[in-house]
Structures are given as structure tokens and as C-alpha cells.
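The structure under discussion appears below in the form of C-alpha cells.
Throughout, read-outs are computed from the coordinates displayed, never taken from laboratory work. For clarity, every value in this text was computed on a predicted model and none was experimentally measured. Because the Cβ atoms are built from the backbone with ideal geometry, glycine has one as well, and the counts that use them run over all protein chains shown.
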Amino acid sequence: MNLAELTGKVIVIEGTDGVGRSTQTRLLKPWLEQQGRAVLETGIKRSLLAGSGIRKAQEGHTLGRTTLSLFYATDFADRLEKEIVPALRAGIVVLTDRYIFSLMARAIVRGVDPAWVRNAYSFALKPDAVFYLRIGVEDLIPRVVFSRGFDYWESGMDLHPSEDMYDSFQKYQMALLAQFDKLAEEYGFEVIDASADIREPLFSPARTRPAEEAEPKVLEMPASKPPAVAADQGEGDGAVPQAVAKAADGDAST
Ligand SMILES: Nc1ncnc2c1ncn2[C@@H]1O[C@H](COP(=O)(O)OP(=O)(O)OP(=O)(O)O)[C@@H](O)[C@H]1O
Ligand SMILES: [Mg+2]
């Protein structure tokens, strides 16, 4: 692949379950389009090849951690090849609700070897910006309770942290947050305080780094290299997501 041909941008919205990724994506997409950018929206479990397979497998509760990780990696690889790369070649902005980082965090929390996980996703393209919507578990719980409630996988029930779903959700999401924080440091995410009101733009230009045009789009994640650190829709109101203006010169629950 000739990386120089990929003239589009990859903008990633990452964060734990129910943090507000869809809400922000729904604000960002029309705003980018108003700036004259063509936008492709994508997100995990949306590939033709593996999306429905993952959903079906998750209806049962017998999916092992390695199978789950490989299933997610397959879903990502399919979308990378068939959606993301063609869009980038056409100069389109790819707005992605989660990227490899959620998948890495989910796998690592389940005890999958971090080096194996990094190697599995080493084919990923380096995003132009990763906005990590961060919220404490104490703020996340009411947000999830009052929107759609707890889900088996989002509560990490396969790990049996507790008999109680509320308790499990809390423990599992805290473990995910810890992994996200490590990944944020390692890969230099833009950390956004997601506890702010929806109407307040969560993206602040002050937090945004200038776009690094010359950098190659390939993530450096060799398995042999020890990781720097040890060791997964709301309503828009037209608020302007300002960070994307600098960074970038459907909703399926995941
Ligand atoms: N900044 C915010 N303040 C308060 N509530 C919010 C905020 N952002 C989103 N919400 C609400 O939280 C709930 C979850 O938001 P949303 O669906 O955007 O999250 P998500 O990260 O896409 O979740 P999922 O993991 O299910 O895809 C919705 O009811 C939404 O209206
Ligand atoms: Mg969502």
C-alpha cells in the first residue's frame, strides 16, 4: 500500500461504554460536512464480514477471550480494507466510533497477552487524531443507567467480577479505564473531559496538537518491543466541535 495516496484523515473517538461517543459523533459529522469535508462514519461490529457474526456470538455467553479478540480483529481488518482505506484514498475524513484501542483494552483486561494484542493490531493505520472521551465510573454509571441500562458484555460478566451486574459493571469499567489511561499515555490521545454538558463543546482548541502531516500512517507496535506500559446516541444541538477543525485540516451500540 502506498501510504502517500491516503490523503484523507482518520479521526478516532474512543472511550468506555456509554461515555457519549455517538453523541459527539453526531455533532462532529454534520459540522465537518459544513466545512466541506466528505465524511465516512464507521465503528466496530459494522463490517459485512464479521459484524453480524459477533452480534450472534454475543447473544450466547460462551465466547472465549481469544475468539472474541480475533473476531474483533477480523471485523476491523475487513472495514480497514473495504471502507477505511478506499475512503482515505478518496480524501475522505474517516470518523470512527472506537478504533483498535477499545479492542486492545478489552482484550488486555481479559488477560490476553498485551504483546500479542499489539502484534495482532500492528497492521492498523496511525490515526490523525484520537479523542479519548474520559469520565469517571461514578459519572458513567448514572449515564448508562438512565439511557440503556447494563449489558452482559459491557459489564464484563464473562469475567465474573461479581454476581451482581451493577457491581460487575463498576469493576469492569474501572479496569477498562485503567487500560485506556495507559494507552492514552502510550499513544498520545487527546484526553477530553466527557463529564461536561453536551451543549458545551467537549473539544477545546487549546488541547489540540497541530496535525502532523509528514508522519507515516502506520502504527509502531512490534511484538518484540516491550510495551511502554504494562501488560474495548444522544441528541446533537449544533455545538461546534472545535478541535476537529485543527486536527482534520450509524449508530450501533458497541
Ligand atoms: N456530555 C454528556 N452529559 C450528559 N449525558 C450525556 C453526555 N453525552 C452523552 N450523554 C447521554 O449518555 C447516554 C449515552 O450516550 P451515547 O449513546 O452517545 O454514548 P456511547 O459512548 O455512544 O455509548 P455506547 O457504548 O452505547 O455506544 C445518552 O443517553 C446520551 O444522551
Ligand atoms: Mg454509541
Original post:
If R0 is 22 Å, what FRET efficiency do you get for residue 193 and residue 35 from their C-beta distance, rounded to 0.05?
Top reply: 0.35
Original post:
Counting only the backbone N, which residues of segment 110-136 are under 16 Å from the spot 7 Å out from the Cα of residue 218 toward its beta-carbon?
Top reply: 119-127
**OP:** Within segment 119-154, list the trypsin sites (Lys or Arg not before Pro) lying in a DSSP loop whose Cβ has at most 16 other Cβ atoms in a 10 Å radius.
**Re:** 148
Subject >> Length added when fully stretched, residue 7-residue 186, from 0.36 nm per residue minus Cα-Cα >> reply: 61.9 nm
Subject >> Residues residue 52 and residue 159, FRET efficiency given R0 of 25 Å [Cβ-Cβ distance, rounded to 0.05] >> reply: 0.50
Original post:
Which loop-located GluC sites (Glu not before Pro) does segment 73-170 contain, where loop means any DSSP state but H, G, I, E or B and the Cβ has at most 14 other Cβ atoms within 10 Å?
Top reply: 163
Original post:
With no solvent and one point on each alpha carbon, what is the Debye value of log10 I(q)/I(0) for segment 17-117 at q = 0.16, 0.20, 0.22 Å⁻¹?
Top reply: -0.78, -1.08, -1.20
Subject >> Computed lengthening from residue 167 to residue 82, 0.36 nm per intervening residue step minus Cα-Cα distance >> reply: 26.7 nm
Subject >> At q = 0.15, 0.17, 0.22 Å⁻¹, base-10 log of I(q)/I(0) for segment 57-174 (Debye sum, equal scatterers on each alpha carbon) >> reply: -0.81, -1.00, -1.32
**OP:** Quick one: of 29/182; 56/171; 45/182; 82/126, which pairs are farther than 21 Å apart, Cα to Cα?
**Re:** 29/182; 56/171; 45/182
Original post:
Efficiency by 1/(1 + (r/R0)^6): what FRET value for residue 148 and residue 63, r their Cβ-Cβ distance, R0 = 30 Å, to the nearest 0.05?
Top reply: 0.90
